[in-house]
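For reference, the structure is listed below as structure tokens.
The values are calculated or read from the model by the stated rules, or taken from the named source; none is laboratory data. It should be emphasised that the depicted structure is a prediction, and the values quoted were computed from it without experimental measurement. When we count neighbours, we look across all protein chains shown, and the Cβ atoms used for this are built from the backbone with ideal geometry, even at glycine. To get the accessible areas, we keep the full protein, side chains included, count just its heavy atoms, and leave off ligands, DNA and RNA. Shrake-Rupley method; radii C 1.70, N 1.55, O 1.52, S 1.80 Å.
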Amino acid sequence: VQLQASGGGLVEPGGSVNLSCAGSGDIAIINVMGWYRQAPEKARELVAVGTTGGDARYGDLEKGRFIFSRDNAKVTLRLNSLKVEDTGVYYCYAQFWSGVTVWGQGTLVTVSS
């Protein structure tokens, strides 16, 4: 399974951006897919995750501004009302039924005026 993320870039404070990640290969082995974020000099933290069964949950980040969705082996993340502190690399990941986790290459979101 390979994960290909897209989206991100430079966004002004208060703006929005869409991130997308698509899995390819033997996608039937994917159980969970989601997004983590790593801000500069901070640990990677969960943004949102969705299971094959349709359950989704968000991490401890400020809720309400981020909208996550999953459609089979594709996940999207819409970031609204962006703040400077939302700057970071957003990583797509997939966890297989076996427990193995794979990561996408990460996409950089920079919030700056």
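Let me know the charge dipole size of the range 1-65 about its Cα centre in debye, to the nearest 20, where only the beta-carbon of Lys, Arg (+1) and Asp, Glu (-1) is charged.
My answer is approximately 60 debye.
Would you mind getting the accessible area per residue of the chain, heavy atoms of the protein chains only, 1.4 Å probe, in Å²?
53 Å²
Of the heavy-atom accessible surface of the chain (probe 1.4 angstrom), what whole percent is carbon and sulfur? Don't skip to the end; give the middle numbers.
Values: 2920 of 5960 Å².
Answer for the chain is 49 percent, counting heavy atoms of protein chains only.
Would you be so kind as to identify which of Tyr90, Val11, Val75 lies farthest towards the positive end of the dipole of the chain, taking Lys and Arg as +1 and Asp and Glu as -1 on Cβ and the Cα centre as origin?
Val75
With +1 on the Cβ of every Lys and Arg and -1 on the Cβ of every Asp and Glu, and nothing else charged, how large is the dipole of the chain about its Cα centre, in debye rounded to the nearest 20?
Taking the Cα centre of the chain as origin, the dipole is about 100 debye.
Largest first, what is the accessible-area ranking of Val47, Val100 with a 1.4 Å probe?
Descending accessible area places them as Val100, Val47.
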